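Step one of this worksheet: look at the structure below.
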Amino acid sequence: MSLKEEISDFLKTLRQKSMPKTSEMAKLAMEKYESRHGKLAKEIIIKDFSSILANLIKIEHECYKSFNKELIEKSLLHFSSKETYKKEYPVIHSKIMEAQKILAQDIDDSKKISKINQILYPYNHIVSFSSMQSAKSRVGKSLENHMEYLLSKLGYKFETQKHLKAGEVLDFIFPSLEKAKTDPHSSMVAECQTTLKEEDEKRSDNWIVYCVIIRDGLQSSFRYIYYQ
């Protein structure tokens, strides 16, 4: 594997071991939200659903950044603490060994720091990019988790991640897949997205579709779309 491939695989392994799952992170975000603003009663959710949803996403992102920061800062310590990593990721190991050799050289500390930075720059650059990609990949599922929690608090009947037809997964279907098949005009679909760029690809004939959008974790909006 290349250095990029090794780092991606290594960080994936670390995240699986130490990063809370999206459902666990959503629960943590909810606890933090309620500790700051009080318990979420039904009438409060109805009054300010969009703002609450956006704030939950924002808080969860803050939690993610905190966990991820610690994971990244300690990633090389984790690597050095397990012998099998050295065999599984030889390119990363070679970079660490190069840096360790610099530490043993009889040169000024400033020169050591400069040389070590040059050696580890590719590692740090790839790690930074990987972190951004990981954060983006979690946003959609985070939105779904918080939507599910809030809608359940409001007493709505719905099902998630159902297949109405091959190749199409529905984020939310109200009130049920069975009802949708027998009476589609009395049913509704909600799609959770971070942008509208894939909107046309998600069209379902003879369906009322609501797109729930989070933009930059700061606001949420609901867009009504009816497809003939």
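The values are calculated or read from the model by the stated rules, or taken from the named source; none is laboratory data. Bear in mind the structure is a predicted one, so any value in this text is a computation, not a measurement. Methodologically, a virtual Cβ is constructed for each residue, glycine included, from the backbone with ideal geometry; neighbour enumeration extends over all protein chains shown.
Couple of notes before you dig in:
- S110 at pLDDT below 90 and either surrounded by fewer than 17 Cβ atoms within 10 Å (Cβ to Cβ) or within 30 Å of M1 (Cα to Cα) (or both): no
- Boolean, H61 is in a helix (DSSP H, G or I) and farther than 30 Å from M147 by Cα: no
- Residue in the stretch 99-118 that is under 26 Å from R15 (Cβ atoms) and within 31 Å of the chain's Cα centre (by Cα) present: yes
- Matching option when the condition is assigned by TED's automatic domain parsing to the domain that holds L11 and either buried (at least 16 other Cβ atoms within 10 Å of the Cβ) or part of a helix (DSSP H, G or I) (or both), among K95, K39: K95
- Among the residues of the stretch 62-95, the one identified as more than 19 Å from K12 (Cβ to Cβ) and touching a helix residue (DSSP H, G or I) at 6+ places or on another chain (Cβ under 7 Å) is C63.
- Boolean, S137 is at pLDDT 85 or above and under 27 Å from F67 (Cβ atoms): no
- Consider the stretch 132-168 and keep the residues that are of a type in the set (G, A, S) and in contact with a Lys or Arg (Cβ under 9 Å, 6 or more places away or on another chain). The one that is surrounded by the fewest Cβ atoms within 10 Å (Cβ to Cβ) is G155.
- So K87, is it free of Cβ contacts under 8 Å to residues at least 24 places away in the same chain, within 25 Å of the chain's Cα centre (by Cα) and assigned by TED's automatic domain parsing to the domain that holds N117: no
- Residues of the stretch 175-193 satisfying the condition of being crowded, with 19+ Cβ neighbours inside 10 Å, assigned to a strand (DSSP E or B) and without any contact (Cβ under 8 Å) to a residue 40 or more places away in the chain: V189, E191
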